[in-house]
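Here the structure comes first, spelled out in structure tokens, and everything after it is commentary.
The values are calculated or read from the model by the stated rules, or taken from the named source; none is laboratory data. Keep in mind that this is a model prediction, so the values were computed, not measured. With ligands, DNA and RNA removed, areas are computed over all heavy atoms of the protein, side chains included. Shrake-Rupley method; radii C 1.70, N 1.55, O 1.52, S 1.80 Å.
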Amino acid sequence: MKIPNGHEVIQLFEQFSPKGFAMEGDKIGLQIGRLNKKVERIMIALDVLENVIDEAIEKNVQLIIAHHPLIYRPLKNLLTDTVQGKMIEKLLVHDIAVYAAHTNLDVAKGGVNDLLAEALELKDTEVLVPTVDTKLKKLVVFVPASHAETIRNVLGNAGAGFIGNYSHCSFSSNGTGRFLPGENTNPFIGEAGRLEEVDEVRLETIVPEPILKKTITAMIKAHPYEEVAYDVYPLENKGEVLGLGRIGKVHEMTLGEFAEKVKQALEVSHVRVIGDLSAKVKKVAVLGGDGNKYFMNAKYQGADVYVTGDIYYHTAHEAAMQGLNMIDPGHNVEKVMKKGVTAILQKMCQDSGFTVEIFPSEENTNPFQFL
């Protein structure tokens, strides 16, 4: 086990939530500080406000991974007698880095919208607003027959070989590998200066592009050869469709009953509801944050109710005219990402042999109170 640096942690995190998933112009990535340092304590936060920064200082945190960017608009200056300037000063003085994962975390499999759908117990979920068509690659590696099963398992466990609901899919063919080890080599089979022929297996599988680098790294680490022979080919096959929001099914209940379920599941005291409380609900769409402009996506896909935050007055009228029920539990329900991301990143770090403590922020960053 080793203590990772910030770059190593973020490389892992971006395998789960790649920057390429973010909407155009989104302010994501490292915003404050540096990653070229040892990281022993990481805090996962929804927002980076002064109370969250004070919590990070108190808990000796080196890195905050947040959903909402601290810097969303370009800074014209950095004045430390302003609220934002004071926050940034605190972060710099205490060498706390801030990394933001916004819409890429909304889109990511297992990210904000999957966590909301899970909390609401949606079944048979699909993407509400497609934004990303995952590209696929064909990975081919040549391995001695004695290690074929090991490499096959390593590739499958790294996430390669998914075709629909089938995992660990691969194809093997037998052949003869030939190589001439040069000077200063230490071949696994054969000896330097002598042409060698080896019974090898050509092992091929399909890999989503976002995890290609991770998969190759795992494969090379497990491969017995000093120099691993492998090929990567682009594919025309359509990969998994990812995007904003989720839509799925629930056990039939009334809109009023489902509103109560939303309150309990997302830990809020009040929700705003548009529609007849006695209306039947069987199909639910959910989109974290401000989902106003996507309400017709929910309507077109047959949702009985659309759960999202920051619903505008006129959007509510338009949805009512379209016969779409809506529930607004507030923007802050995206706080589900704190525990969810903590669990995911903890497992990734553990699997990579990293010794690092990861925990969710305990501070409340909801600006609203209900009286």
Counting only residues 5 or more apart in sequence or on a different chain, those whose built amide H sits under 5 Å from that of residue 31 are 98, 99, 100
Along region 317-330, Karplus-curve 3J(HN,Hα) (6.51, -1.76, 1.60; θ = phi - 60°) to the nearest Hz, with x for Gly and Pro, reads 4, 4, 5, 4, 5, 7, x, 9, 6, 9, 10, 10, x, x
Whole-Hz Karplus couplings 3J(HN,Hα) for region 44-59, θ = phi - 60° and coefficients 6.51, -1.76, 1.60, Gly and Pro as x, run 9, 10, 7, 10, 10, 10, 4, 5, 5, 5, 4, 5, 5, 5, 4, 9
The answer for residue 307, listing residues at least 5 apart or on another chain whose modeled amide H is closer than 5 Å to its amide H, is 285, 286, 287, 327
Checked the chain against the a/c 1.5 cut and the a/b vs b/c comparison, axes a ≥ b ≥ c from its Cα gyration tensor; verdict oblate
Long-range amide H partners of residue 179, meaning residues 5 or more apart or on another chain whose placed amide H is closer than 5 Å, are 196
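Expressed as a whole percentage, what fraction of the accessible surface of region 51-178 belongs to carbon and sulfur atoms when a 1.4 Å probe is rolled over the protein heavy atoms? Working shown, then result.
Working: 3270 of 6420 Å².
Percent of accessible area from carbon and sulfur atoms in region 51-178: 51.
Which value at 222 nm does the chain reach when only helices count, each DSSP H run of 4 or more adding -39,500 (n - 2.57), with the total divided by all residues and rounded to the nearest 500 deg cm²/dmol? Let's see the in-between values first.
Values: 11 runs with 107 residues, N = 371.
Roughly -8500 deg cm²/dmol at 222 nm, from the helical runs in the chain.
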The answer for the chain, accessible area per residue at 1.4 Å probe in Å², is 53 Å²
Across 148, 160, 259, the residue with the highest GNM fluctuation in the chain (Cα network, 10 Å cutoff) is 148
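Name the shape class, rounded, prolate or oblate, that the alpha-carbon gyration tensor gives for region 131-257, where a ≥ b ≥ c are the square roots of its eigenvalues, rounded holds for a/c under 1.5, and otherwise prolate holds if a/b is larger than b/c and oblate otherwise.
Details: a/c = 3.36, a/b = 3.07, b/c = 1.09.
Because a/c hits 1.5 or more and a/b exceeds b/c, region 131-257 counts as prolate.
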With x for Gly and Pro, the residue-by-residue ³J(HN,Hα) of region 286-296, computed from phi through the Karplus equation 6.51 cos²θ - 1.76 cosθ + 1.60 at θ = phi - 60° and given in whole Hz, is 9, 8, x, x, 8, x, 3, 6, 10, 5, 6
So the angle from the long Cα axis of helix 336-351 to the longest Cα principal axis of the chain, reported in degrees to the nearest 10, equals 10 degrees
Computed over the chain: longest principal axis from alpha-carbon atoms vs helix 6-16 long axis, angle to nearest 10 degrees, is 80 degrees
To the nearest 10 degrees, the tilt of helix 212-222 (Cα long axis) against the first principal axis of the alpha carbons of the chain is 40 degrees
